[in-house]
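Derivation of every value follows stated rules applied to the coordinates shown; laboratory data play no part. Only a predicted model underlies this, so the values are computations on that prediction, with no experimental measurement involved. FYI the Cβ positions are ideal-geometry reconstructions off the backbone, even for glycines, and counts take in every protein chain you see.
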Amino acid sequence: MQLRSGKTTSTDNVKNPSEAVQLAAVKRNGWNIQHIKNPSEAVQLAAVKQDAYAIYYIKNLTEKVQLAAVTHNERAIGYIKNPTEKVQLAAVKQDGYAINYIKNPSEAVQLAAVTQKAHAINYIKNPTEKVRLAALQRIIIFC
């Protein structure tokens, strides 16, 4: 397995690396997960904790892995197909602008986003009146 630095990892010459070897590889560089077939949830979690964008290379994401990724970097939500509302809320509560990466957010997610950052309303298509009012109230409070 070749790292972004050009160096190789210890899994290059191992057909079926143990979980310990897989963990060592992803802890060094989360993107190494792209070279691991069927990584366990523990390996997935270690990868996204090292680099949230490693989520791009993980198939069949559990909600736990999704939450770990967006907790580490809320913009990783852009690489999650159909994130649950819980994952969406975790992302926008960290940074309201993360709503920019969410397709068709619910009103609850929209409200959480504008509560966190009022100007996140600029990234919401067709916000409801309730969301517009919440954003306006936040802007007025800080003026």
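Each residue of segment 86-91 in turn: what ³J(HN,Hα) in whole Hz from Karplus with 6.51, -1.76, 1.60 and θ = phi - 60°, glycine and Pro shown as x?
Along segment 86-91, the couplings run 4, 5, 4, 5, 4, 5 Hz.
Along the Cα→Cβ direction, 7 angstrom out, place labels at GLN137 and ASN60. What is the inter-label distance in nm?
4.5 nm
Is there a pair in LYS59/LYS81; LYS64/LYS117; LYS81/LYS103; LYS49/LYS103 whose C-alpha atoms are over 21 Å apart, and which pairs would that be?
On the way: LYS59/LYS81 10 Å; LYS64/LYS117 25 Å; LYS81/LYS103 9 Å; LYS49/LYS103 24 Å.
The pairs that break the limit, which is 21 Å between Cα atoms, are LYS64/LYS117; LYS49/LYS103.
Based solely on C-alpha atoms, express the radius of gyration and the Dmax of the chain in angstrom.
Looking at the chain, its Cα Rg and Dmax stand at 18.4, 61 Å.
With θ set to phi - 60°, apply the Karplus curve 6.51 cos²θ - 1.76 cosθ + 1.60 along segment 75-80 and write out the HN-Hα couplings as whole Hz, x wherever there is a Gly or Pro.
Once rounded to whole Hz, the list reads 6, 4, 4, x, 9, 9.
Identify all aspartates and glutamates with a Cα-Cα distance to LYS27 below 17 Å; exclude those on the same chain that are fewer than 8 residues away in sequence.
ASP12, GLU19, GLU41, ASP51
What angle do you read, to the nearest 10 degrees and between 0 and 90, between the alpha-carbon axis of helix 63-72 and the longest principal axis of the chain?
In the chain, helix 63-72 runs at an angle near 80 degrees to the longest axis.
What nm distance separates the two modelled labels at LYS86 and ARG28, each placed 7 Å from Cα along Cα→Cβ?
3.4 nm
By a straight-distance test (C-alpha under 12 Å), which aspartates and glutamates pair with LYS130 as possible cross-link partners, with residues fewer than eight away in the same chain excluded?
Those aspartates and glutamates meeting the cut-off are GLU107.
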